[in-house]
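**Student:** Structure provided below as structure tokens; questions to follow.
The values are calculated or read from the model by the stated rules, or taken from the named source; none is laboratory data. Since we're looking at a predicted model, the values are computed, not measured. Note that each Cβ is placed from the backbone with ideal geometry, even for glycine, and that neighbours are counted across all protein chains shown. When the accessible area is computed, the model is the full protein with side chains, heavy atoms only, and any ligands, DNA or RNA have been set aside. Shrake-Rupley method; radii C 1.70, N 1.55, O 1.52, S 1.80 Å.
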Amino acid sequence: MHTMWKGSISFGLVNIPIKLHSATEDKDIKLRNLHKECHSPIKYEKTCPVCEVEIKNEDIVKAYEYTKGKFVVLEDEDLEKLKQENEDKAVEIVDFVKIQEIDPIYYNRTYYMSPGDGGGKAYSLLRKALETSEKVGLAKIIIRSKEQLAVVRVYENTLVMETIHYPDEVRKAADVPNVPAEDKVTDKEIDTAIMLIDQLTTEFKPEKYNDDYRTALLELIEAKRTGKDIVTPVEKEPAANVTDLMAALQASIDKTKPADAETKKKPAAKKKRAPAKTKGKKQA
């Protein structure tokens with residue numbers, strides 16, 4: 001697994017040399033842009049609109065636009081010095097909190113942590129302490145020239161570091177337009193909705209979920225590459241246009257209701273009635 005960051009992390013006087021490895025990967029299918037006429041890949045060039053010339057990397061400087069059309073130019077030396085001053089410091093866990101106190105909206109990206117040379121015992125100590133206390137650590141780290149707030153926790157016997165957003169990076173929910181201020185629903189609607197949730201509730205098994213769009217796109221690409229006939233998948237039945245909330249809930253419940261074993265059984269065939277015995281006539 002590729003190492004993308006080396007350093008150390010500490011809590012109190014305990015120092016642990018660590019390496020970070022990306023825990024996730026982007027599996028999006030990247031499509032190239034080609035010229036329609038000759039199918040050559042499109043080349044994007046950096047040009048100056050004023051000088052009307054192509055710009056090389058060494059001719060580019062970084063700047064911050066503090067107001068429209070006005071910039072503060074930052075030299076590479078200044079940025080590199082600032083970066084080194086912060087990266088040279090060991091990552092320190094500054095607080096321990098319960099993970100339930102961190103809303104998922106804050107989470108950004110996950111990294112696996114492995115111990116560096118000689119850090120195995122201290123790594124095990126932190127892992128065991130986090131498991132026993134049922135807490136997670138909060139730390140600060142600079143990754144790719146950006147200071148990150150991070151959560152350190154245990155996942156499947158491995159320490160992971162999850163970068164999280166700072167509070168000022170999370171937009172206020174109160175600014176979302178058209179959110180109803182009050183719940184104008186009836187008790188019956190709530191009860192029916194909860195019944196539907198109960199019917200759809202299951203154990204989370206991530207392996208049962210697949211990227212259907214990516215699979216279909218790969219099949220399309222392979223079919224075109226090999227010259228095979230392209231088969232259009234059967235479209236899902238469109239959702240009924242139900243405008244009444246209660247009717248929509250009830251229809252959803254009926255659709256997801258598990259079949260009752262008793263109703264599956266065929267009704268037993270009716271027994272044929274035995275013909276009635278006729279009494280014989282008495283002989284004279």
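**Student:** Just to verify a result, which residue in the range 46-61, among those that are open to solvent by 100 Å² or more (accessible area, probe 1.4 Å) and part of a loop (DSSP other than H, G, I, E, B), is nearest to Arg32 (Cα to Cα)?
**Tutor:** Selected residue: Lys46.
**Student:** Out of Ser145, Ser114, I need the residue that is within 24 Å of Asp26 (Cβ to Cβ), at pLDDT below 90, touching a Lys or Arg at 6+ places or on another chain (Cβ under 6 Å) and not aliphatic (A, V, I, L, M). Which one?
**Tutor:** It is Ser145.
**Student:** Among the candidates Thr256, Thr192, Thr201, which residue alone is under 27 Å from the mean Cα position of the chain (by Cα) and at pLDDT 85 or above?
**Tutor:** Values: Thr256 fails: at pLDDT 85 or above; Thr192 fails: under 27 Å from the mean Cα position of the chain (by Cα).
Unique residue meeting the criteria: Thr201.
**Student:** If we scan the range 72-86, do we find a residue that is open to solvent by 70 Å² or more (accessible area, probe 1.4 Å), under 30 Å from Leu130 (Cβ atoms) and within 29 Å of the chain's Cα centre (by Cα)?
**Tutor:** Scanning the range 72-86 turns up no residue that is open to solvent by 70 Å² or more (accessible area, probe 1.4 Å), under 30 Å from Leu130 (Cβ atoms) and within 29 Å of the chain's Cα centre (by Cα).
**Student:** Looking only at the range 104-147, count how many residues are in contact (Cβ under 8 Å) with a residue 60 or more places away in the chain and of a type in the set (A, V, I, L, M). Reasoning before the result, please.
**Tutor:** We begin by selecting, within the range 104-147, every residue in contact (Cβ under 8 Å) with a residue 60 or more places away in the chain; these are 105-106, 109-119, 122-123, 125-126, 137, 139, 141, 143, 145, 147.
Now narrow it down to the ones that are of a type in the set (A, V, I, L, M): 105, 113, 122, 125-126, 139, 141, 143.
Of the residues in the range 104-147, 8 are in contact (Cβ under 8 Å) with a residue 60 or more places away in the chain and of a type in the set (A, V, I, L, M).
**Student:** State all residues of the range 176-218 that are in contact (Cβ under 8 Å) with a residue 24 or more places away in the chain, part of a loop (DSSP other than H, G, I, E, B) and within 30 Å of Lys228 (Cα to Cα); if no residue qualifies, say none.
**Tutor:** Asp211
**Student:** Shifting gears a bit: Output the residues belonging to the range 126-168 that are part of a helix (DSSP H, G or I), open to solvent by 50 Å² or more (accessible area, probe 1.4 Å) and either farther than 26 Å from Lys6 by Cβ or hydrophobic (A, V, I, L, M, F, W, C) (or both).
**Tutor:** Thr132, Ser133, Pro167, Asp168
**Student:** For Lys188, which of the numbered conditions (1) loosely packed, with under 12 Cβ neighbours inside 10 Å; (2) closer than 24 Å to Asp103 by Cβ fails to hold?
**Tutor:** So Lys188 meets the others, but not (2).
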